[in-house]
Amino acid sequence: MGIFNKFKKGFQKSASAFSSGLKEIIVKKEIDDESLNKIEEFLIQSDVGIEAASEIKEILSTKKVDPNKDIAVEINHILKDYIISLMKPLENSSFFMKKEKLNVTLISGVNGVGKTTSIGKIGKILKTNGNKVMFAASDTFRAAAIEQLENWANKIDVKITKSSLGSDPASVAYKAIEESINHNFDQVLIDTAGRLQNKKNLMEEYKKIANVTKKIDSDAPHDVVLVLDATSGQNIINQVEEFNKIIPITGIIMTKLDGTAKGGILLALAKKYKVRIIALGLGEKEDDLQIFEAEKFAEAFIQTN
């Protein structure tokens with residue numbers, strides 16, 4: 001299956017809800033003030049966010065629409081152009097390329113977002129691109145997390161550094177980086193415990209992992225990737241806000257986009273934070289983590305068939 005078809009299939013729920021919602025609003029041959037207000041309200045309900053919805057409304061209000069053409073098609077073209085212009089600068093395919101020196105990536109996110117699974121899928125793409133990959137099982141609070149990461153390491157044939165349940169998470173990360181330097185690895189992916197902002201001790205551990213990486217390389221962690229679950233809706237905004245306070249996020253991965261009709265949350269994030277979008281989870285299979293491409297996303301999001 002080609003990348004566009006993956007995007008298209010993954011966004012079927014969002015696209016179907018989005019296109020049918022717009023069709024219900026657009027019943028006239030022109031975009032009047034009433035239609036504009038309804039479109040803005042619909043966009044906000046689709047989790048696109050107030051800022052992006054207001055901007056889209058403003059763009060639509062200044063566009064002259066040919067009454068001889070299908071107005072819904074015209075609006076979709078305008079939306080597609082808007083999405084591409086907003087999100088093209090946020091592409092980051094270079095994240096998966098081979099690096100000149102060891103690249104340390106901290107992977108964070110709350111419980112249940114698919115963090116450990118995403119690490120496995122990232123590892124597979126990195127390895128395909130010629131990287132020598134190391135996993136660090138620094139979620140030492142859950143035996144299941146260590147086991148799951150080890151299963152992924154075995155599945156895609158990459159190295160893993162782990163310790164016993166309850167061990168110091170930072171020491172696992174330190175050991176993984178040290179070993180990676182000694183054996184010429186290109187990438188270290190550090191799994192961290194799922195945490196929330198109200199779990200102060202876990203947040204302190206998270207910060208400690210980042211600080212330990214700096215003892216070996218002052219520029220580390222080179223990437224801090226936050227994994228988010230698209231089905232969480234507007235709660236995602238709060239997660240980005242809180243994690244960003246502790247260690248600045250350099251990129252996001254959005255999972256479970258195939259399971260929600262509100263993929264518009266990605267637009268809200270793009271507009272509010274302008275954070276790089278690493279990849280999107282568009283299914284459960286091993287190859288269903290797709291490197292983010294703005295044009296493919298835009299086409300899939302506003303598909304009308």
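The values are calculated or read from the model by the stated rules, or taken from the named source; none is laboratory data. As the structure is a prediction and not an experimental result, all values here were calculated from the model. Glycine gets a Cβ as well: all are built from the backbone with ideal geometry, and neighbour counts include every protein chain shown.
Applying the selection to region 71-91, what residues are at pLDDT 90 or above, polar (S, T, N, Q) and crowded, with 18+ Cβ neighbours inside 10 Å?
Answer for region 71-91, where residues must be at pLDDT 90 or above, polar (S, T, N, Q) and crowded, with 18+ Cβ neighbours inside 10 Å: there is none.
Of the residues LYS271, LYS262, which is part of a loop (DSSP other than H, G, I, E, B), under 15 Å from the mean Cα position of the chain (by Cα) and not acidic (Asp, Glu)?
Step by step, each of LYS271, LYS262 is checked, and only LYS262 is part of a loop (DSSP other than H, G, I, E, B), under 15 Å from the mean Cα position of the chain (by Cα) and not acidic (Asp, Glu).
Given the criteria under 11 Å from the mean Cα position of the chain (by Cα) and assigned to a helix (DSSP H, G or I), does ILE252 qualify?
no
Across region 214-229, which residue is farthest from ILE291 (Cα to Cα) among those that are touching a helix residue (DSSP H, G or I) at 6+ places or on another chain (Cβ under 6 Å) and among the β-branched types (Val, Ile, Thr)? Let's see the steps before the verdict.
If we filter region 214-229 for residues that are touching a helix residue (DSSP H, G or I) at 6+ places or on another chain (Cβ under 6 Å), which is where we start, we get 216, 220-221, 226-228.
The next check asks that each one be among the β-branched types (Val, Ile, Thr); those that pass are 216, 227.
Working: ILE216: 29, VAL227: 14 Å.
Result: ILE216.
Only one of ALA220, ALA173, ALA210, ALA193 is of a type outside the set (D, E, K, R), in a loop (DSSP other than H, G, I, E, B) and modelled with pLDDT of 90 or more; which?
Result: ALA220 is the single residue among ALA220, ALA173, ALA210, ALA193 that is of a type outside the set (D, E, K, R), in a loop (DSSP other than H, G, I, E, B) and modelled with pLDDT of 90 or more.
Give the residues of region 223-249 that are in a helix (DSSP H, G or I), under 14 Å from the mean Cα position of the chain (by Cα) and aliphatic (A, V, I, L, M), sorted by residue number.
Answer for region 223-249, where residues must be in a helix (DSSP H, G or I), under 14 Å from the mean Cα position of the chain (by Cα) and aliphatic (A, V, I, L, M): ALA230, ILE236, ILE237, VAL240.
Here are LYS214, LYS207: which of them is without any contact (Cβ under 8 Å) to a residue 12 or more places away in the chain, of a type outside the set (Val, Ile, Thr) and out of contact with any strand residue (DSSP E or B) (no Cβ under 7 Å at 6 or more places or on another chain)? Spell out the reasoning first.
Working: LYS207 fails: without any contact (Cβ under 8 Å) to a residue 12 or more places away in the chain.
Exactly one of LYS214, LYS207 is without any contact (Cβ under 8 Å) to a residue 12 or more places away in the chain, of a type outside the set (Val, Ile, Thr) and out of contact with any strand residue (DSSP E or B) (no Cβ under 7 Å at 6 or more places or on another chain), namely LYS214.
Would region 118-131 turn up any residue that is modelled with pLDDT of 90 or more and part of a strand (DSSP E or B)?
For region 118-131, residues modelled with pLDDT of 90 or more and part of a strand (DSSP E or B): absent.
Determine if region 148-160 includes at least one residue that is part of a loop (DSSP other than H, G, I, E, B) and in contact with a Ser or Thr (Cβ under 8 Å, 6 or more places away or on another chain).
no
Hey, could you check region 103-140 for residues that are free of Cβ contacts under 8 Å to residues at least 60 places away in the same chain and more than 17 Å from ILE160 (Cβ to Cβ) and say which is surrounded by the most Cβ atoms within 10 Å (Cβ to Cβ)?
ASN129
Which number in (1) touching a residue at least 60 places away in the same chain (Cβ under 8 Å); (2) under 25 Å from LEU189 (Cα atoms) marks the one condition that GLY259 misses?
GLY259 satisfies all of (1) touching a residue at least 60 places away in the same chain (Cβ under 8 Å); (2) under 25 Å from LEU189 (Cα atoms) except (2).
Report whether or not ALA72 is under 26 Å from PHE292 (Cα atoms), assigned to a helix (DSSP H, G or I) and touching a residue at least 40 places away in the same chain (Cβ under 8 Å).
no
Taking the conditions exactly as written (among the basic types (Lys, Arg), at pLDDT 90 or above and either in a helix (DSSP H, G or I) or touching a helix residue (DSSP H, G or I) at 6+ places or on another chain (Cβ under 8 Å) (or both)), does LYS57 satisfy them or not? Don't jump to the end; show me each part of the working.
Numbers: among the basic types (Lys, Arg): yes; at pLDDT 90 or above: yes; either in a helix (DSSP H, G or I) or touching a helix residue (DSSP H, G or I) at 6+ places or on another chain (Cβ under 8 Å) (or both): yes.
Yes: the conditions hold for LYS57.
Go through region 231-245 and give me each residue that's modelled with pLDDT of 90 or more and crowded, with 16+ Cβ neighbours inside 10 Å.
Those that are modelled with pLDDT of 90 or more and crowded, with 16+ Cβ neighbours inside 10 Å: ILE236, ILE237, GLN239, VAL240, PHE243.
Matching residues to (1) buried (at least 20 other Cβ atoms within 10 Å of the Cβ); (2) closer than 28 Å to GLY281 by Cα; (3) among the basic types (Lys, Arg):
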{"residue": "ALA173", "(1), (2), (3)": "yes, yes, no"}
{"residue": "MET203", "(1), (2), (3)": "no, yes, no"}
{"residue": "THR213", "(1), (2), (3)": "yes, yes, no"}
{"residue": "ILE216", "(1), (2), (3)": "no, no, no"}
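Please tell me if VAL104 is modelled with pLDDT of 95 or more and touching a strand residue (DSSP E or B) at 6+ places or on another chain (Cβ under 7 Å).
yes
Kindly check whether there is at least one residue in region 178-186 that is buried (at least 19 other Cβ atoms within 10 Å of the Cβ), within 25 Å of GLU147 (Cβ to Cβ) and of a type in the set (Gly, Ala, Ser).
There is at least one residue in region 178-186 that is buried (at least 19 other Cβ atoms within 10 Å of the Cβ), within 25 Å of GLU147 (Cβ to Cβ) and of a type in the set (Gly, Ala, Ser).
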